[in-house]
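Peer 1: Take a look at this one; I'll ask things after.
Every read-out reported here was derived from the displayed coordinates using simple, explicitly stated rules and does not represent laboratory data. Given the structure is predicted, the values throughout are model-derived calculations rather than measurements. Here the Cβ is made from the backbone with ideal geometry for all residues, glycine too, and neighbour counts use every protein chain on show.
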Amino acid sequence: MHVSYNENLTPFLDALEKVIQTTLLDGMRCSVEHAETITPENIERVKKLGGGIALDNKMGIHGDAFVKTHRIEIALYAPRLRDLVNSGIPLPLTTDAFHVSPANPWLALSWVVTGKSVSGFTVLADDNRLARVEGLRL
């Protein structure tokens, strides 16, 4: 099962944890998509549930607009790339195939390594960026 969310993952995780207490899911795992605003606490909850997070390069394409809505301080850690990679949970980096951006994996790689959107605006903090090899692995 997977969920796509924009703001608060907590209600979904609350519900999933309750379901798991009473329902045998027979090896099923959860997958969260579009986790730009995930908190460190919810990263740990997803990990404990044996789930993963699929990220797309939306912030590399539309990060400038995100800044206008949510402030630069939030954008610099949206998503929490370093925390997600360090958590060890399954973490593919996708293009979201035409829903969000062109299906060009190099746009995603450029964004996670340089921290810049396609317009050249910095949307990732220095300590939230990935090395090229880390980006390629995702």
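Peer 1: Answer with one residue from 92, 15, 32: the one whose Cα lies farthest towards the positive end of the charge dipole of the chain, charges on Cβ with Lys, Arg +1 and Asp, Glu -1.
Peer 2: About the Cα centre, the residue reaching furthest to the positive side is 92.
Peer 1: How much mean residue ellipticity at 222 nm does the chain get from its helices, if each DSSP H run of length 4 or more adds -39500 (n - 2.57) and you divide by all residues, to the nearest 500 deg cm²/dmol?
Peer 2: Helices in the chain give a 222 nm mean residue ellipticity of -12500 deg cm²/dmol.
Peer 1: Another one. Can you compute the modelled spin-label distance between residue 23 and residue 71, with each label point 7 Å from Cα toward Cβ, in nm?
Peer 2: 3.7
Peer 1: Along the three principal axes, how long is the chain when you take its alpha carbons, biggest first, rounded to the nearest angstrom?
Peer 2: Principal extents (Cα only, largest first): 49, 29, 28 Å.
Peer 1: A follow-up question, please. Please list, in chain and number order, the residues 5+ apart from residue 80 or on another chain whose amide H is under 5 Å from its amide H, with Hs placed from the backbone.
Peer 2: It is 38, by chain and number.
Peer 1: Under 13 Å Cα to Cα from residue 47, which aspartates and glutamates show up? Leave out anything in the same chain fewer than 8 places away.
Peer 2: Those aspartates and glutamates meeting the cut-off are 17, 83.
Peer 1: Related question: Evaluate E = 1/(1 + (r/R0)^6) for residue 64 and residue 14, where r is the Cβ-Cβ distance and R0 equals 25 Å; express this FRET efficiency to the nearest 0.05.
Peer 2: With a Förster radius of 25 Å, E is 0.15.
Peer 1: While we're looking at this one, here's another question. How much FRET efficiency would the formula 1/(1 + (r/R0)^6) give for residue 82 and residue 114, where r is the Cβ-Cβ distance and R0 is 22 Å, rounded to 0.05?
Peer 2: 0.90
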